[in-house]
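Student: One structure follows; several queries about it will come next.
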Amino acid sequence: MEDRKWAEEIWKRLSAKFEKVAARNEDKLPGICIDGRYDDRRETNITSWTNGFWGGLMWVLYAGTDNEIFKRTAERSEELLDAAFLKYDWLHHDTGFMWHITAGADYKLTGNQSSYLRNMYAANILAGRYKIKGGYIRAWKGEEKEGYSIIDTMMNLAQLYWASDMTGDNRYKDIAMAHADMTMKCHIRPDGSVHHIVNHNPDTGEVIEYLAGQGMAVGSSWSRGQAWAIYGFVLSYIHTGKSEYLDVAKRVAHYFIAAVCEDYLPRCDFRSPEELVYYDSTAGAVAACGLLEIAKQVPEYEKELYRRAAMRLLQSMEINFCDWNQDVDAVLTMGTTAYGDNAVKNIPIIYGDYFFAEAIYKCIGGNILFW
């Protein structure tokens, strides 16, 4: 009960702040927050994988408040994102991040047929990246990256499950499950830690090499990659009922919980040196969402393990990382994109705000699964 009261208070603060923030940013597609203001990716990078999180955040807030400013801002962001379809050659494996939580959420909440079509277009783009012989969804562009699969794609599979549900065509679901099966085999280590990038032989699917990606090194443990796996695999379980997916989600979750249990403030890489620590609040927000969903799926006496871990993450990050100043656009600070020298570190990032709000929405009893 105390956790519920805490979450309800945080939800009030979120909705009150973002009512002001939405009014300032109705015509933006934000990515990061600089000097208290979200930037705008419309002109600089319309196909950025983060461009759906602002609209997605607005739909989460609308679902929990019925405040029309959130609905209006979400609809506007969806219109702005249409321009990305005209950059087809630059689209990628993250179409779920871009359209499933914007157009997909719009269709789920309002029945908007234009939103249905947008999400179907995006689902077909994602399905078209499937390497039939290799058995994986290809990540980025470039001939040298033809064999790349990444852990992030697990979150985007929800768009393919949705497409099968909507059309009755199991091809989308089959592609999603093939990729999830490959990820279990090739990305998840026995101890529950995760490889970010795997380079495959495109004709056989055989692993050629592992790459460090956004972590510190090849053998390290990038925390947001861990979080993508937790949430992505429990979502695949929810959409398919395949028990192995829930087992993997739990194994990765146990590794994540063990890595943060001292203070519940996630580092960017769980295997980074003690003397050079970068935090990544976005990893904690994503993981909290996944842990809360695992808690709904496991037997009664397991539930509290995952629910309490999620609450500790959220409460610790709220105390240490949240900015409730309504004159500042973002809420969740201390986001880090990657461990490397060229990464963005220790600043607010839009998907941090999205997943933090989604997690709090779950904690107050919100029952819409946006994925």
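The values are calculated or read from the model by the stated rules, or taken from the named source; none is laboratory data. Everything numeric here is computed off the predicted structure, so don't read it as measured data. Cβ: placed from backbone, ideal geometry, glycine included. Neighbour counts: every protein chain shown. Heads up: the accessible areas ignore ligands, DNA and RNA and are worked out on the full protein's heavy atoms, side chains in. Shrake-Rupley method; radii C 1.70, N 1.55, O 1.52, S 1.80 Å.
Student: Of the residues G352, G340, G366, which single one is open to solvent by less than 30 Å² (accessible area, probe 1.4 Å) and either among the acidic types (D, E) or not in a helix (DSSP H, G or I) (or both)?
Tutor: Among G352, G340, G366, only G366 is open to solvent by less than 30 Å² (accessible area, probe 1.4 Å) and either among the acidic types (D, E) or not in a helix (DSSP H, G or I) (or both).
Student: Taking segment 161-172 as the search range and keeping residues that are open to solvent by less than 60 Å² (accessible area, probe 1.4 Å) and in a helix (DSSP H, G or I), which one is nearest to F370 (Cα to Cα)?
Tutor: Taking segment 161-172 and keeping what is open to solvent by less than 60 Å² (accessible area, probe 1.4 Å), we get 161-164, 169, 172.
Then keep just the ones that are in a helix (DSSP H, G or I); that gives 161-164, 172.
Values: Y161: 12, W162: 11, A163: 14, S164: 16, Y172: 18 Å.
The residue in question is W162.
Student: So which of A122, A158, A139 is assigned to a loop (DSSP other than H, G, I, E, B) and under 27 Å from C186 (Cα atoms)?
Tutor: Numbers: A122 fails: assigned to a loop (DSSP other than H, G, I, E, B); A158 fails: assigned to a loop (DSSP other than H, G, I, E, B).
Every option except A139 fails the conditions.
Student: Go through segment 142-151 and count every residue that is open to solvent by 10 Å² or more (accessible area, probe 1.4 Å) and in a loop (DSSP other than H, G, I, E, B).
Tutor: The qualifying residues number 2.
Student: If only one of N67, N51 is polar (S, T, N, Q) and surrounded by 21 or more Cβ atoms within 10 Å (Cβ to Cβ), which one is it?
Tutor: On inspection, the qualifying residue turns out to be N51.
Student: May I ask you to list the residues in segment 173-200 that are without any contact (Cβ under 8 Å) to a residue 12 or more places away in the chain and either open to solvent by less than 30 Å² (accessible area, probe 1.4 Å) or in a loop (DSSP other than H, G, I, E, B) (or both)?
Tutor: Within segment 173-200, R189, P190 meet the criteria.
Student: Among the residues of segment 201-240, how many are in a loop (DSSP other than H, G, I, E, B), open to solvent by 20 Å² or more (accessible area, probe 1.4 Å) and farther than 22 Å from I132 by Cβ?
Tutor: Looking only at that region, the number is 7.
Student: Among all residue pairs at least 6 apart or on different chains, which show Cβ distances below 7 Å where the first residue, located in segment 115-133, is on the phi > 0 side of the Ramachandran plot and the second is surrounded by 17 or more Cβ atoms within 10 Å (Cβ to Cβ)?
Tutor: So the pair list comes out empty.
Student: Among the candidates A258, A285, which residue alone is open to solvent by less than 10 Å² (accessible area, probe 1.4 Å) and part of a helix (DSSP H, G or I)?
Tutor: Unique residue meeting the criteria: A285.
Student: Out of G205, G232, G215, which single residue is at pLDDT below 95 and in contact with a helix residue (DSSP H, G or I) (Cβ under 9 Å, 6 or more places away or on another chain)?
Tutor: G215
Student: Here is a follow-up. Does G134 qualify as being among the small types (G, A, S) and part of a loop (DSSP other than H, G, I, E, B)?
Tutor: Taking the combined requirement at face value, the residue satisfies it.
Student: If M166 satisfies every condition in (1) farther than 19 Å from Y339 by Cβ; (2) in contact with a Ser or Thr (Cβ under 9 Å, 6 or more places away or on another chain) but one, which is the exception?
Tutor: M166 satisfies all of (1) farther than 19 Å from Y339 by Cβ; (2) in contact with a Ser or Thr (Cβ under 9 Å, 6 or more places away or on another chain) except (2).
Student: Is it the case that some residue within segment 31-52 is at pLDDT 95 or above, within 19 Å of E318 (Cα to Cα) and aliphatic (A, V, I, L, M)?
Tutor: Yes - at least one qualifying residue is present in segment 31-52.
Student: Filter segment 332-350 for residues that are more than 17 Å from the chain's Cα centre (by Cα) and on the phi < 0 side of the Ramachandran plot and give the result.
Tutor: Within segment 332-350, Y339, G340, D341, N342, A343, V344, K345, I347 qualify.
Student: Could we say that D203 is acidic (D, E), within 28 Å of A283 (Cβ to Cβ) and in contact (Cβ under 8 Å) with a residue 40 or more places away in the chain here?
Tutor: no
Student: Moving to a separate point now. Select from segment 265-310 the residues that are free of Cβ contacts under 8 Å to residues at least 40 places away in the same chain and among the acidic types (D, E) and write down the one among them that is farthest from W6 (Cα to Cα).
Tutor: Within segment 265-310, the match that is farthest from W6 (Cα to Cα) is E275.
Student: Right, another one. Taking into account only those residues within segment 81-108 that are touching a helix residue (DSSP H, G or I) at 6+ places or on another chain (Cβ under 6 Å) and more than 24 Å from I151 (Cα to Cα), which is least open to solvent (accessible area, probe 1.4 Å)?
Tutor: D106
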